[in-house]
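What follows is one structure encoded as structure tokens, with my remarks underneath.
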Amino acid sequence: MTGWYYPLEEDWNVDSGDALRKNARAADIVKEATPAKLPRTPHVLLHGGENREQTVAALPEIIRYYKARTTVSRSLTRT
């Protein structure tokens, strides 16, 4: 059976908002994905698939933000 391997102890707790609007701008995605007050262990929800150019454009800034504040990053992998 094929599925997603989810190596986290809890579900996502920071929503990037990239799925809320079809035309979400990269700046809006960054703003939602980088809150001033982070959960103790942030798990950011981002979506892939069609029409995700703005999500991809937002990634460098999101990654810089979390690298400056956390030490571990993981992604979901298909099993």
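Here, each number is a calculation from the coordinates, and none is a lab measurement. A quick note: this is a predicted structure, and the numbers were derived from the prediction, not measured. Virtual Cβ from ideal backbone geometry, glycine too; neighbours counted across all protein chains shown.
Descriptive notes on the structure:
- Here the calculated FRET efficiency for residue 61 and residue 38, from their Cβ-Cβ distance with R0 = 25 Å, stands at 0.95, rounded to the nearest 0.05.
- Sorting 28, 11 by the number of Cβ atoms found within 10 Å of their own Cβ, with the fewest placed first, yields 11, 28.
- Hits among lysines - C-alpha to C-alpha of residue 22 under 25 Å, sequence gap 8 or more where chains match: 31
- Legend: calculated FRET efficiency, residue 47 to residue 70, from the Cβ-Cβ distance at R0 = 25 Å, rounded to 0.05, equals 0.75.
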